[in-house]
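The values are calculated or read from the model by the stated rules, or taken from the named source; none is laboratory data. Treat the numbers as computed from the prediction; the structure is a model and nothing was measured. Note that each Cβ is placed from the backbone with ideal geometry, even for glycine, and that neighbours are counted across all protein chains shown. Areas reflect the complete protein model, heavy atoms only, side chains present, ligands, DNA and RNA absent. Shrake-Rupley method; radii C 1.70, N 1.55, O 1.52, S 1.80 Å.
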Amino acid sequence: MRRELRRDFLVGLFVLAGLGCIAYLSFSVGGISNEGGTGLSLYATFDQVAGLKTRAPVEIAGVKVGQVTGIRLNDEYRARVDIEVDGSLELPFDSSAAIVTAGLLGDKYITLELGAESEYLQSGEEIAYTESAIVLERLVGKFLYNVESDEK
Amino acid sequence: MEPTDPINPVNGAAHIVLDNVSMSFNGRRVFDSLSCEFPRGKISVVLGGSGVGKSTVLRLIGGLVRPCSGRILVDGDNVCELPDRKLYSVRDKLGMMFQGGALLDSLNVFDNLAFPLRESSKLDEEEIREEVHRRLRSVGLSDVDELLPGELSGGMVKRVALARAIMRSPEILMIDEPFSGLDPVSTKMIEALLLRLNRELGITMVVVSHHVRSTLRMADWIVLMLPDGAVAGTPGDLLNSQDPCVTRFLNEDPDEALAALENPDAATEYSR
Amino acid sequence: MIHAVAYIGARTLKFISELGHITVFGFRLCVAAVTPPLRGGLLLDEIYKLGVLSLMIICISGLTVGMVLGLQGYNTLVRFGAEESLGAVVALSLIREFGPVMTALLLTGRAGSATTAEIGTMVATEQLDGLRMMSVDPIDYVVKPKALMMLLVTPLLSALFIVFGIFGGYLIGVAMMGGDSGTFIASMENSVDFVNDVAGSFLKAGLFGVLIGLVATYRGYSCEPTSAGVSAATTSTVVTTSVSILIFDYFITALWGV
């Protein structure tokens with residue numbers, strides 16, 4: 001009887017530890033959250049999204065509030081980016097979205113700057129004001145070109 | 001006595017009938033067109049040398065292997081044609097004691113014996129406990145409940161296996177080599193147990209053995225399997241048989257061969 | 001020449017008949033799996049044998065694999081000045097690949113071989129025939145608990161492997177290389193997605209569990225009733241399962257992108 005109790009205890013401990021790890025990986029690392037359904041779906045149009053990927057974070061003041069859910073080309077050959085953010089956020093409809101880079105070579109993400117209007121963006125609406133991604137190579141190219149022309 | 005004679009001198013009704021059964025494993029022939037009968041309520045011994053397929057006969061009767069051709073009637077049901085599900089209802093009438101015991105080695109003796117009852121009866125734990133101890137006493141064992149099969153001696157394994165085989169009160173008890181690996185005292189004890197079980201409960205027994213002496217002592221009916229066919233009869237019939245193969249087998253007793261080794265005089269006599 | 005072709009033909013036929021047998025076996029197992037009784041005591045026994053006893057090897061391997069990934073990842077990433085992505089590299093490699101595959105391979109060696117040997121020994125000592133004679137189907141009594149619990153235990157062990165691995169990577173990246181703990185965790189949490197990475201990982205682990213359970217029990221069940229037969233079956237379990245795991249892994253990754 002004692003042997004069985006020990007076995008049952010160890011099995012219980014093992015199953016709990018395993019489930020704990022699954023939960024940790026799913027919720028904390030994998031980031032299942034209460035975003036499903038109640039999230040606020042918005043989109044924005046950019047001239048250039050170079051390097052932005054789906055699932056890239058969307059941040060306000062450096063705090064993650066949502067993620068990119070889709071990137072595609074619209075009819076005018078500009079990039080349409082769908083994002084989903086926390087449904088409880090009240091974003092003035094003149095807020096703006098910018099694609100920025102974490103560090104010099106890091107991942108691209110979207111940061112939202114809040115506007116001042118008193119009307120808020122509803123689900124499915126567009127963030128009208130955008131600032132496209134900076135392509136580092138072009139910047140460097142321009143910089144070198146300017147240096148060269150300065151020297152002449 | 002002709003091997004295929006349908007009239008049984010011991011008892012009119014045959015409990016098990018093998019009719020023209022052929023058997024081979026992976027293309028290797030074990031026996032061809034074997035026919036024999038086992039009378040109801042008696043002790044029948046299947047006697048024969050190694051490799052003539054004695055154990056295979058038991059496995060065929062239990063439906064564990066299927067023959068290449070022929071019929072096997074167990075209490076009227078042809079086990080060769082039954083689907084697996086129906087086979088289990090025939091097996092409810094059968095008990096089998098395997099040569100090595102075949103006890104489940106993860107369970108202790110008590111659980112091994114309780115197993116068939118837990119699986120196929122509606123008895124409660126208390127009744128099962130009582131039944132298990134009753135059977136253990138009937139094979140002369142006590143205080144072995146907590147032991148694992150690996151901790152038992154050879155003779156004890158045989159007795160526990162016997163107790164398990166009769167746990168479900170079978171009509172037919174098949175016993176594979178009950179005396180193999182046992183000392184003479186244990187052999188006698190098992191022999192006495194089998195005789196008592198048969199006399200008290202009237203179970204039909206099919207014993208496979210190569211042990212001529214104990215066979216002649218306990219058998220009501222003998223099926224002697226020789227490389228070229230089977231001969232059946234009462235012990236008396238076979239002892240009086242004129243067939244040289246039969247007399248040679250019955251006299252070439254392994255016990256006698258052993259005695260011959262120890263006694264040179266007997267050895268000369270034996271070799272003659 | 002003719003012999004060579006005949007040999008290939010014979011091997012092919014043997015392979016196909018084997019495949020047929022294992023399919024029938026799998027089908028009978030599925031039928032048994034949905035047929036009561038479930039025998040809770042046996043299931044617990046199996047979780048103990050397959051899971052608890054494999055715990056040590058899984059945790060130690062997870063930790064060391066995570067540490068190696070941390071070290072290798074750090075040394076490579078530092079060349080590109082991207083060492084802040086170490087968390088993502090370690091976690092993604094572990095979740096998507098190393099966790100399920102390494103767990104499955106280790107489990108094959110640790111528990112799959114033991115399962116085959118156990119069932120094979122039961123065949124050799126006529127215990128399975130003994131069960132049949134007591135009107136108990138050995139697939140229901142012996143095979144079912146082992147196969148089912150293998151399916152349950154593999155994702156659990158895989159999750160443990162991954163968590164220990166992440167901890168190992170964290171030890172190297174943060175404690176040894178002096179990286180920032182917040183960066184490590186943030187890079188991990190930002191790059192790992194539940195649907196694409198974590199769920200897929202557990203699916204993979206479950207599939208490997210089915211594979212190990214099926215092959216290990218089938219090999220034991222169909223083994224020759226001799227000690228040589230048991231040892232051949234055990235070897236065959238390890239070889240067949242390991243190779244199939246790697247092949248399956250490639251196809252799962254290629255087809256479903258997990």
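Give the Kirkwood hydrodynamic radius (Å, one decimal) of chain C, defined as one over the mean of 1/r across all pairs of different Cα atoms.
19.9 Å
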Rounded to the nearest Å, what's the spacing between the alpha carbon centres of the stretch B:97-145 and the stretch B:66-88? Just the number, please.
-> 28 Å
Between A and C, buried accessible area summed over both sides at probe 1.4 Å, in Å² to the nearest 100?
-> 2300 Å²
Euclidean distance of C-alpha centroids, the stretch C:126-155 and the stretch C:163-241, integer Å | 24 Å
Residues of the stretch B:85-111 that bury at least 30 Å² of accessible area, probe 1.4 Å, when all protein chains are present rather than the chain alone, are B:88, B:91, B:98, B:102, B:104, B:105
Separation between the residue A:150 and residue B:106 pseudo-spin-labels, each 7 Å from Cα along Cα→Cβ, expressed in nm?
-> 7.9 nm
Span-rule helices in chain C, defined as complete DSSP H runs reaching 15 Å or more along the axis (Cα) with Kyte mean at least 0.5 | C:2-33, C:55-77, C:113-124, C:144-170, C:200-221, C:227-256
Give the angle, between 0 and 90 degrees and rounded to the nearest 10, that separates the Cα long axis of helix A:136-151 from the longest principal axis of the Cα atoms of chain A.
-> 30 degrees
Surface share of carbon and sulfur [accessible, 1.4 angstrom probe, percent] for the protein assembly as shown | 59 percent
Once a ≥ b ≥ c are taken as the square roots of the eigenvalues of the Cα gyration tensor of the stretch C:1-143, is the result rounded (a/c under 1.5), prolate (a/b larger than b/c) or oblate (a/b not larger than b/c)?
-> oblate
Part-to-part distance (alpha-carbon centres) for the stretch A:70-147 and the stretch B:14-30, which is given in Å = 83 Å
In nm, to one decimal, how far is the modelled label at residue C:246 from the one at residue A:143, with both set 7 Å along Cα→Cβ?
-> 4.7 nm
Here the relative contact order (percent) of chain C, from C-alpha pairs under 8 Å and at least 6 apart, is 32 percent
What's the Kirkwood radius of the protein assembly as shown in Å, using all Cα pairs?
-> 31.0 Å
5 angstrom amide H check on residue B:99, placed H, neighbours 5+ away | B:176
Would you calculate the separation in nanometres between label points at residue A:135 and residue B:199, each defined as 7 Å from the Cα along the Cα-to-beta-carbon direction?
-> 10.6 nm
Is the shape of the stretch C:1-63 best called rounded, prolate or oblate, per the rule: a/c under 1.5 gives rounded, else a/b larger than b/c gives prolate, else oblate, with a ≥ b ≥ c the square roots of the Cα gyration tensor eigenvalues?
-> oblate
Evaluate Rg over Rh across the stretch B:81-210, taking Cα atoms for both radii and Kirkwood's formula for Rh.
-> 0.95
Name the most mobile residue of B:137, B:59, B:168, meaning the one with the largest mean-square fluctuation, in a Gaussian network model of chain B with Cα contacts below 10 Å.
-> B:137
Anisotropy class of chain B from Cα gyration tensor, a/c 1.5 cut = oblate
Longest principal axis of chain B (C-alpha) makes with the long axis of helix B:154-165 (C-alpha) an angle, in degrees to the nearest 10, of 70 degrees
To two decimal places, what compactness ratio does the stretch B:72-126 give when its Cα radius of gyration is scaled by 2.2 N^0.38 Å?
-> 1.39
Grab the Cα-Cα distance for residue B:239 and residue B:133, subtract it from 0.36 nm times how many residues apart they are, and report the gain in nm with one decimal.
-> 34.1 nm
With +1 at each Lys and Arg Cβ and -1 at each Asp and Glu Cβ, the charge dipole magnitude of the protein assembly as shown around its Cα centre, to the nearest 20 debye, comes out at 1800 debye
Between 0 and 90°, nearest 10: helix A:2-23 axis offset from chain A longest Cα axis | 10 degrees
In the structure displayed, which of B:86/C:14; A:64/A:108; C:49/C:144; B:54/B:158; A:108/C:204 lie more than 22 Å apart, Cα to Cα?
-> B:86/C:14; A:108/C:204
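For peptide C:155-163, compute the average count of partner chain beta-carbon atoms within 10 Å of each residue's beta-carbon.
6
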Helix-only CD estimate at 222 nm, as mean residue ellipticity for chain B, using -39500 (n - 2.57) per DSSP H run (n ≥ 4) | -11500 deg cm²/dmol
